[in-house]
Amino acid sequence: MNSLEPRENRALHLCAALFFVASPLLIMLILSALAGQNMFLAKPYLNDEVDYWRVMYSVKACGLNFGSTEHLVGYTAPIGPLGSHGVSPLAAWLWYALLLPWTDSAIVIAGVIMLTAALALFTLIARPGTAQLFLLGLFTLLFPPLVRYINLSMMEMPCYAGVIVYAALLFRYEKEHSGALPKSRWVLPALVICGLWCTVLRMSNVVLFFPAILIFCDNKISWKLPGCLVLYALGVLAFNWCFSLFVAPYPDVLYGLMQSDSLTELLRGLYHNTVSNILHFLDPRSDNSLPQAMARYFYLLVLVFLLIKTLLKTQDGRIKLTWRWEYFGVLMAGAGCLALVVMIYFVFDWRDYRTLAPMAYFMVLWLLLRWQGEGRSFRCALAALLVFGALMAPDSYRHAAADDRFFPDGSTGLDYSALFSEGPCTLGLYGYNFSQALAKDVPPQVGVCIGIFGEESHGYGMDYILCRPGDPSPSEEYYSIAGQMEGYGTLYQRIH
């Protein structure tokens, strides 16, 4: 702000900035008050949460010198011990594991720190106005998907942090490229690095590069644009290939499509999955979940809003056709992310909800950054859109506060290292149940894999198999009893 502005204006701007930056902390405090518990001590218990926690526990203790982990038995990464999430956990939480103790709630605390830091960087880089900061802070407090996942040990908060910083850098890059701000040498490299980091966190974030490419090509159709788009496509393919080297395959939609025997079969499968997902996305009754339906329609409404701003403008009280690249690039990024989800992912059980939410937040950030440069009709329409997007906030606060993540520590506290080899090895579990207690008690050099069913376990090549109460025993031809893991069950060791 200008140093000649009245002191009260500067004070109001500072209050607005603090409100925006502190909004994640306010969410956690509200949830703590509603739950009667310290939400910063929330523990992981969903399988993905425990997987993320466990792989970082092993990384902190052993570096990358541990058994192949965090995936279904029978599927391993071509290179390294990382499982179905690949290097994403390292990109998200390695800094925290290196600097601080890896406690039960480490991922939750790291997520809040990253989100708060990202909002601070956004404020410093994009320099939004006072009204924008208040609106941004209020929307952050009331954005249902963010509230719903802020106390989970998942990848969502790092993804939010990434797109927030990317939005600020993109806005700054656009202003510098257009001559509205002096050019800085650091903005474009920072934008590329941030985009790559977002893509490592979640591959669908690769669409974030599209608006940056348009700005680099001067927001117009020129000889540079086709060349940049070709390089972009080749870069996506190269990045995906490199990333896949460190990821254990997972039998999801994309994996199934890639196993097709012919191009015709692949296209048929892609078509059926896309149509099915579109129908689920548009049907408000799918999943019998109003929060998911509202989030889906909010995403579509944001895209429609961006499309209208791309094609129409108000001039002299009349609506006229136009073309605005600054909205078109972000529109295509949002549409591209949605296309990836409906084509090669799932639209049910909160999967599209949490995957698309950071991109929805990114698009809202972009629109709010335009708040001061647009007229009253834009502001009223955007305010109405944000109110619709926040309607399920009470439900999210209620759900997050009631989500019991403060169960007693089930860890036995016993040392089981004598039962396992000292070097990297693998432990297979029957079924999909993997508790936080077991993740803490199994020695860190042991890779833990789930998904054994029946007695034909010898084909998976696990070094050890844990048989908990109710589990079948592995074939005696391939496994012998190694000992008892007190509190869990019988440990079997592969006969070499």
For this session: Show the residue pairs that are 6+ apart or on different chains and have beta-carbon atoms under 7 Å apart, the first residue being within segment 365-382 and farther than 18 Å from L142 by Cβ, the second being hydroxyl-bearing (S, T, Y).
Result: G375/T314; S377/T314
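Rundown of residues vs (1) more than 26 Å from the chain's Cα centre (by Cα); (2) on the phi < 0 side of the Ramachandran plot; (3) modelled with pLDDT of 90 or more, yes/no style:
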residue	(1), (2), (3)
R202	no, yes, yes
V206	no, yes, yes
C217	yes, yes, yes
I221	yes, yes, no
A233	no, yes, yes
Exercise. F210: part of a helix (DSSP H, G or I) and touching a residue at least 60 places away in the same chain (Cβ under 8 Å), yes or no?
Worked result: yes
For this session: Test each condition in (1) open to solvent by 40 Å² or more (accessible area, probe 1.4 Å); (2) in contact with a helix residue (DSSP H, G or I) (Cβ under 7 Å, 6 or more places away or on another chain); (3) in a helix (DSSP H, G or I) for L386 and report the one that comes out false.
Result: (1)
Problem set entry | Total residues in segment 23-35, condition in contact with a Gly (Cβ under 9 Å, 6 or more places away or on another chain) and open to solvent by 70 Å² or more (accessible area, probe 1.4 Å) | 0
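So in segment 372-383, with the set limited to residues that are in a helix (DSSP H, G or I) and touching a strand residue (DSSP E or B) at 6+ places or on another chain (Cβ under 9 Å), which one is nearest to A293 (Cα to Cα)? Walk me through how you get there before you give the answer.
Taking segment 372-383 as the starting set, the residues that turn out to be in a helix (DSSP H, G or I) are 372-373, 376-383.
So of that shortlist, the ones also touching a strand residue (DSSP E or B) at 6+ places or on another chain (Cβ under 9 Å) come out as 377-378.
Working: S377: 27, F378: 25 Å.
Ranking the qualifying residues of segment 372-383, first place goes to F378.
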Exercise. Which of (1) in contact with an Asp or Glu (Cβ under 7 Å, 6 or more places away or on another chain); (2) over 30 Å from L46 (Cβ atoms) does S153 not meet, given it meets every other one?
Worked result: (2)
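From the residues in segment 187-199 that are aliphatic (A, V, I, L, M) and out of contact with any Phe, Trp or Tyr (no Cβ under 7 Å at 6 or more places or on another chain), which one is most open to solvent (accessible area, probe 1.4 Å)? Even if it seems obvious, please write down each step before you answer.
Here is the first cut: in segment 187-199, the residues aliphatic (A, V, I, L, M) are 187-188, 190-193, 196.
Still in the running and out of contact with any Phe, Trp or Tyr (no Cβ under 7 Å at 6 or more places or on another chain): 190, 192-193, 196.
Values: A190: 31, V192: 65, I193: 114, L196: 75 Å².
Step by step, filter segment 187-199, then rank; the result is I193.
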For this session: Please name all residue pairs, on different chains or six or more residues apart, with Cβ atoms under 7 Å, provided the first residue is in segment 249-263 and is at pLDDT below 80 and surrounded by 13 or more Cβ atoms within 10 Å (Cβ to Cβ) and the second residue is in a helix (DSSP H, G or I) and not β-branched (V, I, T).
Result: V253/N273; G256/G269
For this session: Tally the residues that are hydroxyl-bearing (S, T, Y) and either touching a Cys at 6+ places or on another chain (Cβ under 8 Å) or within 30 Å of R324 (Cβ to Cβ) (or both), restricting the search to segment 359-404.
Result: 2
Seminar exercise, completed: Of the candidates N65, N38, the one satisfying the condition of being within 30 Å of L18 (Cβ to Cβ), among the polar types (S, T, N, Q) and open to solvent by 60 Å² or more (accessible area, probe 1.4 Å) is N38
Exercise. Does segment 399-411 include one or more residues that are open to solvent by less than 70 Å² (accessible area, probe 1.4 Å) and modelled with pLDDT of 90 or more?
Worked result: yes
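Residue-wise test of (1) modelled with pLDDT of 95 or more; (2) within 27 Å of A393 (Cβ to Cβ); (3) of a type in the set (K, R).
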site	(1), (2), (3)
H85	no, no, no
I109	yes, yes, no
L115	yes, yes, no
A118	yes, yes, no
T130	no, yes, no
F139	yes, yes, no
V147	yes, yes, no
Exercise. Can you tell me which of A238, A233 is of a type in the set (G, A, S), within 26 Å of S68 (Cβ to Cβ) and either open to solvent by less than 20 Å² (accessible area, probe 1.4 Å) or out of contact with any His (no Cβ under 6 Å at 6 or more places or on another chain) (or both)?
Worked result: A238
Exercise. List the pairs whose first member sits in segment 291-304 and is aromatic (F, W, Y), whose second member is open to solvent by less than 20 Å² (accessible area, probe 1.4 Å), and whose Cβ atoms are under 7 Å apart, counting only residues at least 6 apart or on separate chains?
Worked result: F298/A360; F298/G389; Y299/L356; Y299/A360
Seminar exercise, completed: By residue number, the members of segment 389-413 that are in a helix (DSSP H, G or I) and among the acidic types (D, E) are D395
Seminar exercise, completed: Listed by first then second residue, the pairs whose first member lies in segment 24-50 and is farther than 19 Å from M155 by Cβ, whose partner is part of a helix (DSSP H, G or I) and open to solvent by 60 Å² or more (accessible area, probe 1.4 Å), with beta carbons under 8 Å and at least 6 positions apart or on separate chains, are L34/R398; A35/A402
Seminar exercise, completed: Within segment 213-230, of all residues that are in a helix (DSSP H, G or I) and open to solvent by 70 Å² or more (accessible area, probe 1.4 Å), the one nearest to I79 (Cα to Cα) is V230
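The values are calculated or read from the model by the stated rules, or taken from the named source; none is laboratory data. For clarity, every value in this text was computed on a predicted model and none was experimentally measured. Cβ coordinates were reconstructed from backbone atoms using ideal geometry, including for glycine residues, and neighbour counts include every protein chain displayed. Heads up: the accessible areas ignore ligands, DNA and RNA and are worked out on the full protein's heavy atoms, side chains in. Shrake-Rupley method; radii C 1.70, N 1.55, O 1.52, S 1.80 Å.
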